[in-house]
Amino acid sequence: MSTAAPPADWHRLDPRTVLVTALVAAGADRVRWHRTRYRIGTERVDLHTGLLLVKRRSLARSRIRTVDLTANLMLRLLGLVTVRIGTGEQGSESTLVLDPVTRAEGERLRLLLLERAATASPGVHREGELAVLDPRWIRYAPVSFVAPMLGGAAAGAVMQVSDWIGAQGQVIEWVGDRFRETPLLWTIIVLVLAALVAGVVGALGLWIEMWWNYRLEREAGGTLRVRRGLFTSRSISVEEARLRGVDLVEPLGVRLLGAARLDAITTGLAKDHEARNADHNTLLPAAPRTRADSVAADVLREPDTPTGAALTPHPRAARGRRLRWSLAAALAPVLILTLLGALLTPVLLWIALGCAAVAVPVAVALALDAYRALGHALSGRYLVTRSGTVRRSTAALERAGVIGWTVKQSVFQRRAGLLSITATTAAGGGAYTAYDTDASEGLTFAADAVPGLLEPFLERSPKGA
């Protein structure tokens, strides 16, 4: 009779591995620091780094558009910053990173490389401080889309970590024991609420880390500077010469509380892979809509903000299109559940009925809201377009920044007398669209916005016709 072998024991790696790893990492950083040199010339910025394979990088000073400073908690304690010098083009080759230098040196480089001859801009404007943090703005953090995302991430992290330590089964069993006598529906509701609470707490913490010490100011020479951050400080500079407008963004939850955030429409913001998620174009976090409008006016040096201009509403045919799209998206899963219920089990039919009862009113409400959001206008030097419901965007784009127009008209739009017209630009998202405008009105809007650009493609009726 054979006996089972005892389970094998678990063993750790030699603890000296940690020491070796730390020494190797420290040595590599020491070599990198020793072999990194930079030089600011009259025409170029040069960076040399590397030991065996020396890498030489160079940027023309005339092409430099951003000099951003960041410092995590450790760098701040040491009085150091990371300087990111960029041309605003795509890819890491358009960015030089000096990591780290002293804060004084970082400020010197920022002022030196962004130095421009001060020119007076037309219109009413303010110098110095344009906006500072109001701690009451934190109330908008829990209603952003970040909260449910963080809640889901927290639940996933619990399961992942428990799996790493081999305790996922125990976690599931513990949760099951807590809700053993609770109906399934209430169990799901409680778990979802717990995830949302975790998401709200995470959203509040993330907002504090990102926006504490926030300050927006206009510096001499025409540079907008955003400073923010609790543990990791960030300083982002935007040349007004590269500014082409602003985008007033109202996510659904924030909009329901009467707030909006303000983004810059500008050329030349750093977009390398390390800065991709750094909110480089945000000038103002979610704040009361009136405050966002006033900051937009100050940023654009306008007495009245274009984002508050009265917009031309779009035809009712645009409302019908949104209702059809929204109902189709809502009823597609209901139809699938109905077919499966007819083939498999009547339970799915009840689920389909419940989904329809919830989804159809929501779909109609969102479609009507999306229609009410549609609008366009010309406001002084700017053309304004607005659209969206889950994320409503009111973009004020400088008319001089429009480099072309794209006109789209599907078969269904043609039958309804509608078209969508897009202003293309080298700034911001590159395209700003007035969706489902009246066909003749949309073309007139484009022709008036940038005279001479669209006229060769418009059909003119002969005189006297």
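The values are calculated or read from the model by the stated rules, or taken from the named source; none is laboratory data. Note that the structure is a prediction, hence the values are computed from the model and not measured. Note that we place each Cβ from the backbone using ideal geometry, even for glycine, and neighbour counts take in every protein chain shown. Just so you know, the surface numbers come from the protein's heavy atoms only, side chains and all, with ligands and any DNA or RNA stripped out. Shrake-Rupley method; radii C 1.70, N 1.55, O 1.52, S 1.80 Å.
Do we find that residue 108 is at pLDDT 90 or above, within 19 Å of residue 238 (Cα to Cα) and open to solvent by 20 Å² or more (accessible area, probe 1.4 Å) in this structure? Steps first, please.
Numbers: at pLDDT 90 or above: yes; within 19 Å of residue 238 (Cα to Cα): yes; open to solvent by 20 Å² or more (accessible area, probe 1.4 Å): yes.
Yes, satisfied.
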* Given (1) outside any helix (DSSP H, G or I); (2) open to solvent by 50 Å² or more (accessible area, probe 1.4 Å), index of the condition residue 384 fails -> (2)
* Please enumerate the residues belonging to segment 201-223 that are of a type outside the set (S, T, N, Q), surrounded by 16 or more Cβ atoms within 10 Å (Cβ to Cβ) and more than 19 Å from the chain's Cα centre (by Cα). => 217, 218, 219, 222
* Of all residues in segment 387-412, how many are in a loop (DSSP other than H, G, I, E, B), open to solvent by 40 Å² or more (accessible area, probe 1.4 Å) and among the β-branched types (Val, Ile, Thr)? -> 1
* Structure fact -> Sole miss for residue 327 among (1) closer than 25 Å to residue 432 by Cα; (2) in contact (Cβ under 8 Å) with a residue 40 or more places away in the chain is condition (1)
* Name the pairs: first residue in segment 183-200 and more than 13 Å from residue 154 (Cβ to Cβ), second residue surrounded by 12 or more Cβ atoms within 10 Å (Cβ to Cβ), Cβ to Cβ under 7 Å, at least 6 apart or on different chains? -> 187/179
* For segment 146-168, how many residues meet the condition of being open to solvent by less than 50 Å² (accessible area, probe 1.4 Å), over 13 Å from residue 201 (Cα atoms) and not aliphatic (A, V, I, L, M)? -> 2
* Structure fact -> Subset of segment 48-72, residues among the hydrophobic types (A, V, I, L, M, F, W, C), surrounded by 12 or more Cβ atoms within 10 Å (Cβ to Cβ) and at pLDDT 85 or above, comes to 59, 67, 69, 71
